[in-house]
Amino acid sequence: MSQEVEPLVSAQEDDDFDATICDFCGGEPPMDSDQDIPCETPEQIAIAMKGLDSATVAERIEMYGTNEIPEKIIHWYNVLLKQLTSSMAIMIEITLVLAASIQSWSDFFIIAALLTINATIGFYEEWEALLKVESIKSSLAPMSVVKRDGEFTKIPTAELVPGDVIFLRGGDAVPADVDFLEGDSMAVDTAALTGEPFPRKIPDSKGHKRAMSGCMVVSGNSYLLVQRTGIYTEMGSATMLMQQSTKPTQSVFEKSIIQVCERVMFVAVLILIAIFIVEWFFRHENFITILTTCMAILIASVPVALPVVMQVTLALGAQEMAKQQAIVTHLTSMQEIASMNVLCSDKTGTLTTAKIQVFYDLIWTPPESGFDRDHILEWCAVASNPHAEDDPIDVAILRSFRDTFSQDYNERIKRYTVKKFVGFTPETKRTVVYASHPKHGDIKISKGLIDKILDTSADGGDEFKCINKAKVETRVRKIDSDFAHKGYKTLGVAAAIKDRSGSYSMQFVGVVPMLDPPRDDTKWVIEQINLCGIDVKMITGDHQNIAAETARLIGLGDEILHREKLTMRESDEKDELIKKADGFAQVMPRDKNDIVRILQTLNYIVGMTGDGVNDAPALKQAHIGIAVEGATDAARSAADIILTTEGLAPIFTAVLESRKIFQRVYSYVLYRLSATIQIVLVLSILIFSVNQTIKALYIILLALFNDLTMITISYDNVVPSRSPDQPTINKLLRGSCSIGLLMTITSLSYFYYGRYILPSSSEFRKNSGYTQSLMYLQISISIENLIFITRTPEAPFFSSKPVSSLLFSVVFANVAVTLLVCSGLIGTSITIADALNVLGYDIVVFVIIDLLKIPFLFSIENCFPPPATSLAGT
């Protein structure tokens with residue numbers, strides 16, 4: 001008979017379990033308990049066991065619907081529409097309309113091509129991610145054995161209705177919320193719902209008969225009555241809670257970029273209005289000419305290639321994550337992880353293995369007994385049933401025995417010949433084995449609840465009293481209490497060798513501690529994540545003592561809050577407690593969601609890992625939801641990243657990869673905004689000061705040609721930062737304005753030098769077309785070179801080697817633009833000598849700006865310090 005686990009679950013934990021069930025529904029059950037079908041008395045059970053007929057089933061399907069939790073269906077056209085309705089896409093579409101309005105078809109087709117490329121890449125990556133998530137789910141519809149029209153038959157689980165009688169056995173998933181009717185008592189694994197790693201007995205000692213949908217039957221063959229199905233189950237309620245998520249739909253980084261671009265565009269529009277007023281009302285220029293100039297400047301102010309760069313960079317990051325056995329379901333999460341500064345993690349199945357394990361080094365034996373840990377673990381293995389695969393205690397002991405004695409465990413166990421095995425029962429709470437050993441002769445071993453090992457009393461089982469009880473009891477109970485305080489479950493072990501009289505004088509020989517252990521890589525991953533400036537907080541439904549011991553084993557702090565601290569009203573005190581806590585114990589699913597939400601209101605970028613139904617709402621609410629390997633469908637559906645291999649190492653990889661993405665995109669954004677500021681300011685100042693315009697085609701080529709060559713930044717070599725990247729609007733504005741102003745000064749200096757210092761006979765002063773060609777070449781080359789300044793904004797340009805494709809694209813662009821201008825294909829041609837002079841000037845300017853950028857940015861930081869508490873604020 002398999003060993004049951006009822007003693008491992010306390011009355012307090014039973015109460016916590018009851019609270020969890022209620023908490024899933026926001027404090028109220030999803031259906032009125034009065035609607036439950038009665039099955040308490042023998043008469044009621046007999047009626048229920050008759051099952052349903054087809055007519056009644058049809059009525060109840062009409063009343064309650066199918067036994068399915070509806071999922072939001074995402075159609076391909078919704079994904080495509082999303083790519084075309086983002087803020088950045090709308091900005092590009094506006095410029096597309098303007099280009100068409102003035103019949104600038106070459107510009108129209110270039111912009112349309114960029115918009116199409118961006119939408120295609122974004123659609124492909126997101127749709128592929130959705131398909132991968134679907135492929136993880138089982139391709140076969142689950143089936144259940146149900147009694148219909150007086151006969152048991154297999155039907156799809158989706159067709160179950162309240163009142164159905166189903167048959168479950170060890171290994172089956174519970175398909176709905178059901179009540180026990182008759183059969184064996186069951187051990188049910190509720191980890192997916194409550195986070196508790198130890199199975200629960202149903203019906204339990206308090207008479208609770210309910211097993212919840214989504215749990216797993218560990219042992220027992222039983223008949224059960226379906227009470228609630230579909231959205232009325234506890235799992236359905238969790239799904240409803242997920243739909244109440246207030247999770248931001250845009251990443252913090254993307255939101256910051258868009259807000260900065262909008263501000264730059266707003267200033268550009270104001271400048272355009274001023275240009276229009278000056279040119280139309282005071283200088284009486286041609287309306288179409290003015291509109292063409294304004295349209296060109298507006299195109300220059302829109303970072304047309306930004307979405308393409310972001311999508312390509314994110315797609316490359318997602319591919320790298322796939323190599324680490326992690327599926328990215330939302331590309332924006334790859335941006336968010338770069339800024340993540342708090343990672344909340346479920347314990348059971350995430351930080352720990354969800355498999356009970358014996359802690360060999362902590363096994364205690366009385367010194368005077370003469371036995372050591374090897375003896376105790378070996379005897380525990382002999383007293384375990386190797387065929388009871390559904391018994392978590394025996395499985396844990398045998399697994400630990402094999403791991404500890406990996407070289408000779410088979411030889412050790414075969415030394416014993418088992419003659420009689422007495423299994424665990426709820427009354428005796430122990431196993432007893434009679435065996436023979438070639439060296440020691442006949443031996444009797446017992447393991448179980450410590451009280452029942454020290455002295456079995458008259459319980460109807462194999463009875464004995466340890467002869468050393470009086471000597472060791474005080475020490476044993478102290479040790480047991482210490483283990484319990486740390487969250488360990490314990491087994492007592494007694495043994496005796498058959499004496500000449502044929503009797504066994506049992507001695508208490510050891511205390512064996514057990515706990516759900518951390519994963520092998522958990523401590524290392526947490527250390528690495530901490531080194532990256534990310535605070536890790538553990539969230540668990542387990543007892544506070546278990547949480548504290550787990551925190552100690554994985555290197556977290558000792559500030560573990562009990563759930564009662566989370567029940568206080570919203571206040572600064574509550575916020576401060578959550579902020580400073582290292583973990584939270586005995587929490588309910590709604591508490592996890594609240595913890596994440598409160599941290600978000602405190603301006604933290606929050607990640608959440610989990611695997612169970614009870615984690616799904618928090619996964620959905622977090623900026624980055626991460627479902628670990630073996631997670632339930634509910635957790636996977638709520639997550640942004642799904643791990644398909646055991647361990648947490650992919651999370652650390654995601655942090656590094658995301659920060660690389662941030663560095664690449666940030667370099668491009670800083671480059672593009674600085675270039676925009678340079679173009680808009682240079683053009684507007686020239687128009688206002690000397691009425692010098694630059695050909696609209698030149699401006700459009702500046703905006704589009706330079707952008708296209710920058711797509712290779714997506715592959716650039718970067719070093720991830722060791723602290724969370726905080727994409728503040730202020731930081732972007734300060735950096736881009738500083739570099740943009742320096743670039744503006746250099747371009748204006750070149751123009752005024754040519755206009756007022758060069759001889760009057762020079763082409764620069766005599767020929768406006770020649771002036772425009774030279775200014776276009778100077779601005780174009782300086783902007784192309786600018787990327788090498790912005791890719792290392794806080795270090796010299798030579799401190800980091802760029803990827804060869806980026807270097808090649810910049811050189812190619814500079815050569816191509818120089819040849820175009822010298823050939824006269826796009827305007828007035830210039831001499832090779834003047835082109836070389838421009839190139840030399842821009843090289844000198846490049847070195848000067850690279851030298852000035854660090855002290856200049858440092859001075860701006862001191863004059864205009866950023867807000868201390870905002871990650872994405874203004």
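The values are calculated or read from the model by the stated rules, or taken from the named source; none is laboratory data. Because the structure is predicted, anything quoted here is derived from the model rather than measured. All Cβ positions, glycine included, derive from the backbone under ideal geometry; neighbour counts span all protein chains shown. The area values use the complete protein model at the heavy-atom level, side chains included, leaving out ligands, DNA and RNA. Shrake-Rupley method; radii C 1.70, N 1.55, O 1.52, S 1.80 Å.
Per-structure values
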item: Reachable lysines, given that their alpha-carbon falls under 22 Å from the alpha-carbon of Lys537 and they are not under 8 places away in the same chain; result: Lys247, Lys347, Lys355, Lys486, Lys523, Lys565, Lys574, Lys579, Lys580, Lys592, Lys620
item: Largest to smallest accessible area among Arg60, Arg791, Arg169 [probe 1.4 Å]; result: Arg169, Arg60, Arg791
item: Nearest-20 debye value, segment 463-591 charge dipole, Cβ charges on Lys, Arg, Asp, Glu; result: 880 debye
item: Full-extension gain in nm, Lys469 to Ser749, via 0.36 nm per residue minus C-alpha separation; result: 91.2 nm
item: Dipole of the chain, positive end: most advanced residue of Met506, Val844, Ala388 [Cβ charges, Cα centre]; result: Val844
item: Inter-centroid distance (Cα atoms) of segment 514-586 relative to segment 358-374, Å; result: 31 Å
item: Efficiency of FRET from Cβ geometry, Ser804 and Ala100, R₀ 35 Å, rounded to 0.05; result: 0.35
item: Helix-only [θ]222 nm of the chain, DSSP H runs n ≥ 4, -39500 (n - 2.57) each, per residue, nearest 500; result: -16000 deg cm²/dmol
item: Extension reserve of the Thr153-Ser54 stretch, reckoned as 0.36 nm per residue once the Cα distance is removed; result: 34.4 nm
item: Amide H contacts of Cys344 (H built 1.01 Å from N, under 5 Å, at least 5 apart or other chain); result: Lys537, Gly607, Met608, Thr609
item: Potential lengthening between Ser859 and Glu128 on full extension [0.36 nm per residue; Cα-Cα distance subtracted]; result: 258.5 nm
item: Heavy-atom accessible area ranking, 1.4 Å probe, most first, across Arg590, Arg210, Arg228; result: Arg590, Arg210, Arg228
item: Solvent exposure of segment 731-840 as accessible area per residue, Å², 1.4 Å probe; result: 43 Å²
item: Sequence ranges 427-437, 814-824, 618-628, 522-532, ranked by mean other-Cβ count within 10 angstrom, highest first; result: 618-628, 427-437, 522-532, 814-824
item: Sequence-distant residues sharing a close amide H with Gly510 (under 5 Å, placed H); result: Val493
item: Separation of the Phe276 and Glu62 label points, Cα + 7 Å toward Cβ, nm; result: 6.4 nm
item: Glu646-Lys355 pseudo-label distance in nm [points 7 Å out on the Cα-to-Cβ vector]; result: 0.4 nm
item: Estimated FRET transfer efficiency when R0 is 35 angstrom, pair Gln319-Asp408 (beta carbons, to 0.05); result: 0.15
item: Segments 356-367, 674-685 sorted - mean Cβ within 10 Å per residue, highest first; result: 674-685, 356-367
item: Glu320 accessible area, 1.4 Å probe, all protein chains in place, Å² to nearest 10; result: 60 Å²
item: Estimated FRET transfer efficiency (Thr601, Leu531; beta-carbon r; R0 25 Å; 0.05); result: 0.40
item: Considering only the chain, percent of DSSP beta bridges that pair antiparallel, nearest 5; result: 75 percent
item: Euclidean distance of C-alpha centroids, segment 274-316 and segment 762-809, integer Å; result: 20 Å
item: Charge dipole magnitude, Cβ of K and R +1, D and E -1 - segment 563-709, Cα centre, debye nearest 20; result: 580 debye
item: Spin-label pair Arg263/Gln44, simplified geometry with 7 Å Cα→Cβ offset, distance in nm; result: 6.6 nm
item: Sequence-distant residues sharing a close amide H with Val803 (under 5 Å, placed H); result: Asn717
item: Kyte-Doolittle mean at least 1.6 and Cα axial length at least 30 Å: DSSP H helices in the chain; result: 252-277
item: Three-way shape label, segment 345-391, alpha-carbon gyration tensor, a/c 1.5; result: oblate
item: Arg664 - accessible surface, heavy atoms, 1.4 Å probe, Å² rounded to 10; result: 30 Å²
